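Student: Mind looking over this structure? Questions follow.
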Amino acid sequence: MSTADLVAGVMFAAVVLYAVLGGADFGSGAWDLLAGDARRGASTRRLIDHAIGPVWEANHVWLIFVLVFLWTGFPVPFATLMRTLAVPFWLVGLGIVLRGAGFAFRKYAPTLRWARAAGVTFALSSLMTPFFLGMITGAIASGRVGTGDDSSTAWLSPTSFLGGSLAVLTCTFLAGVFLSAEAQRIGDESLAESLRIKSLAVGAVTGIVALVGIIPLRSDAPTLSDGLVGRAAPLVLLSAIAGATTVWLLARRKLRLARGSSAVAVAAIVIGWGVAQYPWILVDQTTIEDGAGAAATMTGLLIASGLAAVLVVPPLIYLFILADTNRLGSGEGVD
């Protein structure tokens, strides 16, 4: 394995962490949006504030890590991505900013009207961000990035829309599982039961969309499709088993255990995507080795990632432990 492969592996590990941890945060916006009016949705929104308040911005560290590593370690593919996919990248950035503003400002809104506006902003941008991240993933997977056609519409493909739809559904399902477990932990059995039933429905829809999505994937992203049914097949199977296990655990009301299996399901399919796409960084256009920067740069990135593992990861783990054991209070957010 080359140094470039190691750097790409470290970078992709951050993608997996962002998909699982950030996905659970983003998905909470869907439940906020569907909670109902101020009276009916109060308990759900309090739960969301309680669950993600201490960590709602901390998970963006993984996205920053990925972008910095991509920019530094693979400068030419990075430039191609930014040029071809400028529109969805700008929309992702806008979504992240609006989501943070909406979540923070609704706590201090002077009137109910302004609180509702901030809440809607938080909810809609929480769906907007993973949708366009999914579209970016789909554009890369379909081989449309790096072809020389840097049109602003290169990201509008069946695979892109499938990626965006699955990203939103997966985040919603993941958040539903986590929130139902949190409601059960704090003793709100009624809310836990409501979220459990709705999460089962979202899980069913997600599974159907994933199965139906196989059809356009075969013709629109053949390299990815061949990889998923080839060397990445064990990971796809693991994701399917973990997803089915999550549904079974939800049906049995074993909600805390369902959190673990749902995280495995998401992590396995994201890792499967990476394995299926290997050795391409831009599918069918640029390999990891060809797109890598100077050898000294790659070595420096590996050293930096080692330092980050020592200096950043342990405090983040401790933060999540404190949040999970309710030792941070309500929290106003961590930037």
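The values are calculated or read from the model by the stated rules, or taken from the named source; none is laboratory data. All figures in this text were calculated on a predicted structure; none of them were measured in a lab. So basically every Cβ, Gly included, is an ideal-geometry build from the backbone, and we count neighbours across all protein chains shown. Please note that ligands, DNA and RNA were not included when accessible areas were found on the heavy atoms of the full protein model with its side chains. Shrake-Rupley method; radii C 1.70, N 1.55, O 1.52, S 1.80 Å.
Student: Hey, does the range 53-68 have a residue that's aliphatic (A, V, I, L, M), in contact with a Lys or Arg (Cβ under 7 Å, 6 or more places away or on another chain), closer than 26 Å to L174 by Cβ and not in a helix (DSSP H, G or I)?
Tutor: Looking through the range 53-68, none of the residues is aliphatic (A, V, I, L, M), in contact with a Lys or Arg (Cβ under 7 Å, 6 or more places away or on another chain), closer than 26 Å to L174 by Cβ and not in a helix (DSSP H, G or I).
Student: For S152, state whether it is more than 20 Å from the chain's Cα centre (by Cα), in a helix (DSSP H, G or I) and at pLDDT below 95.
Tutor: No, not satisfied.
Student: Can D25 be described as among the acidic types (D, E) and either in contact with a strand residue (DSSP E or B) (Cβ under 6 Å, 6 or more places away or on another chain) or more than 24 Å from G274 (Cα to Cα) (or both)?
Tutor: The answer is no for D25.
Student: Out of all the residues in the range 168-211, which are hydrophobic (A, V, I, L, M, F, W, C), in a helix (DSSP H, G or I) and more than 15 Å from D32 (Cα to Cα)? Quick ask: steps written out before the conclusion?
Tutor: Initial filter on the range 168-211 (hydrophobic (A, V, I, L, M, F, W, C)): 168-169, 171, 173-175, 177-179, 181, 183, 186, 191-192, 195, 197, 200-202, 204-205, 208-211.
Among the residues that remain, those that are also in a helix (DSSP H, G or I) are: 168-169, 171, 173-175, 177-179, 181, 183, 191-192, 195, 197, 200-202, 204-205, 208-211.
Matches in the range 168-211: A181, I197, L200, A201, A204, V205, I208, V209, A210, L211.
Student: Okay, moving on. A101 passes all but one of (1) out of contact with any Pro (no Cβ under 8 Å at 6 or more places or on another chain); (2) surrounded by 15 or more Cβ atoms within 10 Å (Cβ to Cβ); which number fails?
Tutor: Exception for A101: condition (2).
Student: Scan the range 291-335 for residues that are open to solvent by less than 40 Å² (accessible area, probe 1.4 Å) and modelled with pLDDT under 75 and jot them down.
Tutor: Listed by number, the residues that qualify are A323, G331, G333.
Student: Follow-up. Any idea how many residues of the range 205-238 are over 21 Å from S160 (Cα atoms) and either exposed (fewer than 13 other Cβ atoms within 10 Å of the Cβ) or hydroxyl-bearing (S, T, Y) (or both)? Steps first, please.
Tutor: The initial filter retains those residues of the range 205-238 that are over 21 Å from S160 (Cα atoms), namely 230-231, 233-235, 237-238.
Applying the additional criterion that residues be either exposed (fewer than 13 other Cβ atoms within 10 Å of the Cβ) or hydroxyl-bearing (S, T, Y) (or both) yields 230, 234, 237.
Count: 3.
Student: Filter the range 212-236 for residues that are within 20 Å of the chain's Cα centre (by Cα) and assigned to a helix (DSSP H, G or I); which is modelled with the highest pLDDT?
Tutor: Ranking the qualifying residues of the range 212-236, first place goes to L235.
Student: Of the conditions (1) more than 16 Å from the chain's Cα centre (by Cα); (2) surrounded by fewer than 21 Cβ atoms within 10 Å (Cβ to Cβ), I96 satisfies every one except a single condition; which number is it?
Tutor: Condition not satisfied by I96: (1).
Student: How many residues does the range 3-25 hold that are open to solvent by 30 Å² or more (accessible area, probe 1.4 Å) and either β-branched (V, I, T) or farther than 30 Å from A183 by Cβ (or both)?
Tutor: Residues in the range 3-25 being open to solvent by 30 Å² or more (accessible area, probe 1.4 Å) and either β-branched (V, I, T) or farther than 30 Å from A183 by Cβ (or both): 7 in total.
Student: I've got another one for you. Give the residues of the range 26-51 that are assigned to a helix (DSSP H, G or I), open to solvent by less than 50 Å² (accessible area, probe 1.4 Å) and either in contact with a Lys or Arg (Cβ under 9 Å, 6 or more places away or on another chain) or free of Cβ contacts under 8 Å to residues at least 40 places away in the same chain (or both), sorted by residue number.
Tutor: Within the range 26-51, F26, G29, W31, D32, A42, D49 qualify.
Student: Moving on to the next point. Given the conditions (1) open to solvent by 50 Å² or more (accessible area, probe 1.4 Å); (2) touching a helix residue (DSSP H, G or I) at 6+ places or on another chain (Cβ under 9 Å); (3) touching a residue at least 60 places away in the same chain (Cβ under 8 Å), and given that L85 satisfies all but one, which numbered condition is not satisfied?
Tutor: (1)
Student: Which ones in the range 52-79 are touching a residue at least 24 places away in the same chain (Cβ under 8 Å) and aliphatic (A, V, I, L, M)?
Tutor: Kept after step one, since they are touching a residue at least 24 places away in the same chain (Cβ under 8 Å), are these residues of the range 52-79: 52-63, 65-66, 69-70, 72-77.
I52, V55, A58, V61, L63, V66, L70, V76 - these are the residues of the range 52-79 that are touching a residue at least 24 places away in the same chain (Cβ under 8 Å) and aliphatic (A, V, I, L, M).
Student: Mind listing whichever residues of the range 239-250 are closer than 13 Å to V177 by Cβ and open to solvent by 50 Å² or more (accessible area, probe 1.4 Å)?
Tutor: Looking only at the range 239-250, we keep the residues that are closer than 13 Å to V177 by Cβ, and these are 242-243, 245-250.
Scanning the range 239-250 gives T245, V247, W248.
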